[in-house]
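Colleague: Quick one: structure below, then a few questions.
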Amino acid sequence: MAISELAEMRAARRLVVKVGSALLVEKGEPRDRWLTALVGEIADLRETGTEIVIVSSGAIALGAARLRLPQGGRANLADAQAAASVGQVELARLWSEALGGRGITAAQMLVTLGDLEDRRRYLNASATLARLIEAGAVPVVNENDSVATEEIRFGDNDRLAARVAQAAGADAVILLSDVDGLYDRDPRIEGARRIERVEGVTPEVMAMASDASSSGLGSGGMIAKLQAARIAERAGIALAIIDGRRERPMGRALETGDGTLFLPQRNEGARKAWLGGRIAPVGVLVADAGCARALAESASLLAAGLTEVEGEFARGDLVAIHGPKGERLGQGLVEYSAAECRAILGLRAEEQAEKLGYAPRAAVVHRDHMVRE
């Protein structure tokens, strides 16, 4: 469905609700009363026909309290993994009991970055979500922080929520947070103004963000939320940031319009939306000005327009594509290894065979395997 106002979120066919750590956990203890009220809202939405997927933070905060770890379990990677291992049990229990109190079956899904970056594993996750929803359960998804490392993890549940929304075929995402939306500057500065609606996350919009999390519990600040909005808008999914600190926060925000709504900008095919939502490119290809202009007109990336290759990668890996001034142009699946890209840098098709020892491919990154900013 088309969503152009916050109030229309309540009519979404399928909705992803992300709950931040600071909302669910206070001083190491779950906020049971708040959670019960939120589950009441979820139950009400389900009764009107909306299917719900929950993305819940809180495992590290809960586990750190049980293990009495410093800095909320985030002093180092080992502490975070240990805290997540203990806290995930408690988190699953909280949701199971809260949803069960309204006659709803909770289903736990722990995912890693690789589960949603790899196409086959992404489709497996999508199928699992679909079957759980079909069976009447509410999936409760979290990143598997007990095994994730700093190099291969989402690191925040905002972007995870947007990726889960893609995989679940959702219409909308609500990010319940300890902030009430996007401001045109740091909201602590006098005169800061909340932005009610955003039509496209542009560089100017990104410049409004701070990466600070006011609670100190979560790992995703406003930058992560805007990155989540970019993932969602590419897939035709509306996303809202609303203040989750009050009881029954969704109802309040949808009635008053308090929050920031990011409108979907395009609805690319399922594979391109997945490709555009991937967040871990392993290399960078830098294009010259002429090539950058051609890419803007939906051309493929050719070796003749390449000026620089950064990183090490193999054929089929995800690479970012930058312009001559360092601006990000897009990303795609590369047809050559990094060494081969360096060998044919700036060469035209007729010159590439001699360097490669075989007939060159049609493009370094074909337009069918590329998404643009």
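Colleague: Can you tell me how many residues in region 1-19 are assigned to a helix (DSSP H, G or I), of a type in the set (A, V, I, L, M, F, W, C) and under 24 Å from residue 95 (Cα atoms)?
Modeller: 2
Colleague: If you check residue 49 against the conditions, is it among the small types (Gly, Ala, Ser), at positive phi and outside any loop (DSSP other than H, G, I, E, B)?
Modeller: So residue 49 does not fit the description; no.
Colleague: Suppose the filter is farther than 25 Å from residue 120 by Cβ, without any contact (Cβ under 8 Å) to a residue 40 or more places away in the chain and under 22 Å from the mean Cα position of the chain (by Cα); does residue 310 pass it?
Modeller: no
Colleague: Just checking, does region 126-133 include any residue being surrounded by fewer than 18 Cβ atoms within 10 Å (Cβ to Cβ), hydrophobic (A, V, I, L, M, F, W, C) and within 22 Å of residue 273 (Cβ to Cβ)?
Modeller: Among the residues of region 126-133, at least one is surrounded by fewer than 18 Cβ atoms within 10 Å (Cβ to Cβ), hydrophobic (A, V, I, L, M, F, W, C) and within 22 Å of residue 273 (Cβ to Cβ), which makes the answer yes.
Colleague: Mind counting the residues in region 338-358 that are assigned to a loop (DSSP other than H, G, I, E, B) and more than 19 Å from residue 289 (Cβ to Cβ)?
Modeller: Adding up the residues that qualify gives 3.
Colleague: For residue 85, indicate whether it is under 24 Å from the mean Cα position of the chain (by Cα), buried (at least 19 other Cβ atoms within 10 Å of the Cβ) and among the polar types (S, T, N, Q).
Modeller: no
Colleague: If the requirement is being surrounded by fewer than 24 Cβ atoms within 10 Å (Cβ to Cβ), in the same structural domain as residue 110 (by TED's automatic domain parsing), more than 20 Å from residue 245 (Cβ to Cβ) and within 19 Å of the chain's Cα centre (by Cα), which of these qualifies: 14, 66?
Modeller: Exactly one of 14, 66 is surrounded by fewer than 24 Cβ atoms within 10 Å (Cβ to Cβ), in the same structural domain as residue 110 (by TED's automatic domain parsing), more than 20 Å from residue 245 (Cβ to Cβ) and within 19 Å of the chain's Cα centre (by Cα), namely 14.
Colleague: Residue 25 passes all but one of (1) surrounded by 20 or more Cβ atoms within 10 Å (Cβ to Cβ); (2) modelled with pLDDT of 95 or more; which number fails?
Modeller: The one condition residue 25 does not meet is (2).
Colleague: Given the residues 233, 247, 297, which is the only one that is acidic (Asp, Glu) and not assigned by TED's automatic domain parsing to the domain that holds residue 34?
Modeller: Among 233, 247, 297, only 297 is acidic (Asp, Glu) and not assigned by TED's automatic domain parsing to the domain that holds residue 34.
Colleague: Which of the residues belonging to region 69-78 are over 24 Å from the mean Cα position of the chain (by Cα) and in contact (Cβ under 8 Å) with a residue 12 or more places away in the chain?
Modeller: Within region 69-78, 69 is the sole residue that qualifies.
Colleague: Going residue by residue through region 97-106, is there one that turns out to be buried (at least 18 other Cβ atoms within 10 Å of the Cβ), within 21 Å of residue 244 (Cβ to Cβ) and out of contact with any strand residue (DSSP E or B) (no Cβ under 6 Å at 6 or more places or on another chain)?
Modeller: yes
Colleague: Right, next: Which one is nearest to the chain's Cα centre (by Cα) among residues in region 250-284 that are at pLDDT 90 or above, surrounded by fewer than 23 Cβ atoms within 10 Å (Cβ to Cβ) and among the hydrophobic types (A, V, I, L, M, F, W, C)?
Modeller: Out of the qualifying residues, it is 263.
Colleague: Checking the conditions here, which among 270, 314 is aliphatic (A, V, I, L, M), out of contact with any strand residue (DSSP E or B) (no Cβ under 6 Å at 6 or more places or on another chain) and within 22 Å of residue 159 (Cα to Cα)?
Modeller: One residue alone meets the criteria, 270.
Colleague: Let me confirm something: among 136, 100, 169, which residue is at pLDDT 95 or above and at positive phi?
Modeller: 136
Colleague: On the given criteria, is residue 361 assigned to a helix (DSSP H, G or I) and in contact (Cβ under 8 Å) with a residue 24 or more places away in the chain?
Modeller: Judged against the criteria, residue 361 is not a match.
Colleague: Now for a separate question. Looking at 131, 188, 121, which is the one that is among the basic types (Lys, Arg) and at pLDDT 95 or above?
Modeller: Of 131, 188, 121, the one residue that is among the basic types (Lys, Arg) and at pLDDT 95 or above is 131.
Colleague: Let me ask you something else. Tally time: how many residues in region 23-43 are touching a Lys or Arg at 6+ places or on another chain (Cβ under 9 Å) and of a type in the set (Asp, Glu)?
Modeller: 1
Colleague: Looking at 197, 188, 193, which is the one that is surrounded by fewer than 21 Cβ atoms within 10 Å (Cβ to Cβ) and in contact with a Leu (Cβ under 7 Å, 6 or more places away or on another chain)?
Modeller: 197
Colleague: Is it true that some residue in region 329-337 is among the acidic types (Asp, Glu) and surrounded by 14 or more Cβ atoms within 10 Å (Cβ to Cβ)?
Modeller: yes
Colleague: Residue 149: in the same structural domain as residue 111 (by TED's automatic domain parsing), modelled with pLDDT of 85 or more and surrounded by fewer than 23 Cβ atoms within 10 Å (Cβ to Cβ), yes or no?
Modeller: no
The values are calculated or read from the model by the stated rules, or taken from the named source; none is laboratory data. Predicted, not measured: the structure shown is a model, and the values here were computed from it. Cβ atoms come from the backbone with ideal geometry, glycine included; neighbour counts cover every protein chain shown.
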